[in-house]
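Heads up: the structure comes next, in structure tokens.
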Amino acid sequence: MKISEILKNNKVTVSFEMFPPKEWSKIENTKAVVREMSKAKPAFMSVTYGAAGTTSGFTTEIANEIKARGVTPLSHLTCLTSTKDKISSVINELKQNNIENILALRGDIPKDFVFPDEQHFHYAYELVNTIKEQGDFCIGGACYPEVHPESANKVEDIQYLKEKVDCGLDFITTQMFFDNDVFYNFRENCAIKGINIPIIAGIMPITNANQIKRSVELSGCKFPKKFEKIIERFGENPAAMKQAGIIYATEQIIDLMANGQNNIHIYTMNKPDVAEAIMKGLSEIINE
Ligand code: FAD
């Protein structure tokens, strides 16, 4: 099923993100994670794409497993470090496997990377155009409530986002954020800019102290005082930090829903117990 259909009528949706294994020998473990996670009945499940595309087959394999569990899969695809030919073959592979949804991404710039030539795409919008040429996919893109780290400012960032959306995106999913006010501002700016497709809010439950540094490095997002205090108090106690992180994410989602945000994507980090605990905390709220 296309995610654009799932997002119709502004119904509440909670979806999950997971990542594929780095080595083929771990594929069965990741499939077991899919099986566990699908029991919580997410609206759809996305599977990320490894940097440089060396594990692209793993993403398709996991997307197929998601489909086999009766959940709609969303396959991520990055373009910066792959040739246009490689990208075309991955899109064809997705088509042959009846994967209907692609999250079109540029990918992060690796360290010491030489910016690519005409054999490569430079930006995600070019990938969106190619996906559209190659098939009838539902296409999503990424967006950044706290501004993409490479962007000079908010104005430039949202201008490029608008251009990407106008290439034919069906929805956008946000980078993680921990302060809902940042998201509400971003949502307003999108509306002012005429970005009218569904915006899915990406929520990352922080369940251990190691995740904190990595999340900030990857996304550049800021933690509000309230969350800093939680980390200060519970960061050294794994069980307490996990519980506090689950509750913080659940409260963030409740506040988002109370403020009219019906589409939520949980960055599960392949932890079915965390996904399940959040869904339990929302059981009546989702079905309200
Ligand atoms: P773009 O939309 O191309 O934007 C990149 C930068 O270029 C921005 O600063 C933008 O403002 C600027 N820009 C855009 N168009 C132009 C233009 N025409 N001229 C000049 N500047 C321009 N990474 C992975 O490796 N695998 C994943 O599976 C993955 N999944 C993700 C899922 C989500 C929801 C998010 C938010 C991010 C994900 N990422 C993933 C990370 C992502 O690849 C990086 O954040 C990357 O740096 C930017 O990707 P993008 O698609 O947003 O790029």
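The values are calculated or read from the model by the stated rules, or taken from the named source; none is laboratory data. Since this is a predicted model, take the numbers as computed values, not measurements. As a convention, Cβ positions derive from the backbone with ideal geometry for all residues, glycine included, and neighbour counts pool all protein chains shown.
Please state which of the following conditions residue 265 fails to meet, knowing it meets all the rest: (1) at pLDDT below 95; (2) under 30 Å from residue 3 (Cβ atoms); (3) touching a Gly at 6+ places or on another chain (Cβ under 7 Å).
(1)
Which one is surrounded by the fewest Cβ atoms within 10 Å (Cβ to Cβ), of the residues in the stretch 259-277 that are within 16 Å of the chain's Cα centre (by Cα) and more than 16 Å from the ligand (Cβ to nearest atom)?
So, considering only residues that are within 16 Å of the chain's Cα centre (by Cα) and more than 16 Å from the ligand (Cβ to nearest atom), the one surrounded by the fewest Cβ atoms within 10 Å (Cβ to Cβ) is 262.
How many residues, within the stretch 120-141, are closer than 17 Å to residue 4 by Cβ and near the ligand (Cβ under 7 Å from one of its atoms)?
Count: 1.
Can you tell me how many residues in the stretch 182-227 are among the acidic types (Asp, Glu) and either surrounded by 19 or more Cβ atoms within 10 Å (Cβ to Cβ) or at pLDDT below 90 (or both)?
Of the residues in the stretch 182-227, 1 are among the acidic types (Asp, Glu) and either surrounded by 19 or more Cβ atoms within 10 Å (Cβ to Cβ) or at pLDDT below 90 (or both).
The rows are residues; the columns are (1) closer than 14 Å to residue 200 by Cα; (2) out of contact with any helix residue (DSSP H, G or I) (no Cβ under 8 Å at 6 or more places or on another chain); (3) touching a residue at least 60 places away in the same chain (Cβ under 8 Å).
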residue: 6; (1), (2), (3): yes, yes, yes
residue: 11; (1), (2), (3): yes, yes, yes
residue: 16; (1), (2), (3): yes, no, yes
residue: 21; (1), (2), (3): no, no, no
residue: 26; (1), (2), (3): no, yes, no
residue: 31; (1), (2), (3): no, no, no
residue: 38; (1), (2), (3): no, no, no
residue: 42; (1), (2), (3): yes, no, yes
residue: 53; (1), (2), (3): no, no, no
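Taking strands (runs of 3 or more DSSP E) that do not extend beyond the stretch 1-119, which have at least 1 residues that are farther than 26 Å from residue 273 by Cβ and within 12 Å of the ligand (Cβ to nearest atom)?
In the stretch 1-119, the matching strands (runs of 3 or more DSSP E) lie at 73-78, 101-105.
Tell me yes or no: at least one residue of the stretch 227-246 is on the phi > 0 side of the Ramachandran plot and in contact with a Pro (Cβ under 9 Å, 6 or more places away or on another chain).
no
Quick check: anything in the stretch 63-74 surrounded by 22 or more Cβ atoms within 10 Å (Cβ to Cβ), free of Cβ contacts under 8 Å to residues at least 40 places away in the same chain, closer than 30 Å to residue 254 by Cβ and of a type in the set (S, T, N, Q)?
No - not one qualifying residue is present in the stretch 63-74.
Exactly one of these conditions fails for residue 190: (1) part of a loop (DSSP other than H, G, I, E, B); (2) within 15 Å of the ligand (Cβ to nearest atom); (3) over 30 Å from residue 232 (Cα atoms). Give me its number.
(1)
Regarding the stretch 162-180, can at least one residue be identified that is in a loop (DSSP other than H, G, I, E, B) and hydroxyl-bearing (Ser, Thr, Tyr)?
Looking for residues that are in a loop (DSSP other than H, G, I, E, B) and hydroxyl-bearing (Ser, Thr, Tyr), one finds none in the stretch 162-180, hence no.
Could you please let me know if residue 248 is out of contact with any helix residue (DSSP H, G or I) (no Cβ under 7 Å at 6 or more places or on another chain) and within 19 Å of residue 176 (Cα to Cα)? Don't jump to the end; show me each part of the working.
On the way: out of contact with any helix residue (DSSP H, G or I) (no Cβ under 7 Å at 6 or more places or on another chain): no; within 19 Å of residue 176 (Cα to Cα): yes.
Considered against the rule, which asks whether it is out of contact with any helix residue (DSSP H, G or I) (no Cβ under 7 Å at 6 or more places or on another chain) and within 19 Å of residue 176 (Cα to Cα), residue 248 comes out as no.
Kindly list the number of the only condition in (1) touching a Leu at 6+ places or on another chain (Cβ under 8 Å); (2) more than 8 Å from the ligand (Cβ to nearest atom); (3) aliphatic (A, V, I, L, M); (4) under 27 Å from residue 205 (Cα atoms) that fails for residue 158.
Tallying (1) touching a Leu at 6+ places or on another chain (Cβ under 8 Å); (2) more than 8 Å from the ligand (Cβ to nearest atom); (3) aliphatic (A, V, I, L, M); (4) under 27 Å from residue 205 (Cα atoms), residue 158 fails exactly one: (1).
Going through 141, 202 one at a time, which residue ends up being out of contact with any helix residue (DSSP H, G or I) (no Cβ under 9 Å at 6 or more places or on another chain), of a type outside the set (Lys, Arg) and closer than 22 Å to residue 16 by Cβ?
Exactly one of 141, 202 is out of contact with any helix residue (DSSP H, G or I) (no Cβ under 9 Å at 6 or more places or on another chain), of a type outside the set (Lys, Arg) and closer than 22 Å to residue 16 by Cβ, namely 202.
Spot the failing condition for residue 237; the list is (1) of a type in the set (S, T, N, Q); (2) more than 19 Å from residue 272 (Cβ to Cβ); (3) surrounded by 14 or more Cβ atoms within 10 Å (Cβ to Cβ), and only one is missed.
Looking at each condition in turn, residue 237 falls short on (3).
When the stretch 165-181 is examined, which residues are found to be among the charged types (D, E, K, R) and either modelled with pLDDT under 95 or away from the ligand (no atom under 12 Å from the Cβ) (or both)?
We begin by selecting, within the stretch 165-181, every residue among the charged types (D, E, K, R); these are 166, 170, 179, 181.
170, 179, 181 - these are the residues of the stretch 165-181 that are among the charged types (D, E, K, R) and either modelled with pLDDT under 95 or away from the ligand (no atom under 12 Å from the Cβ) (or both).
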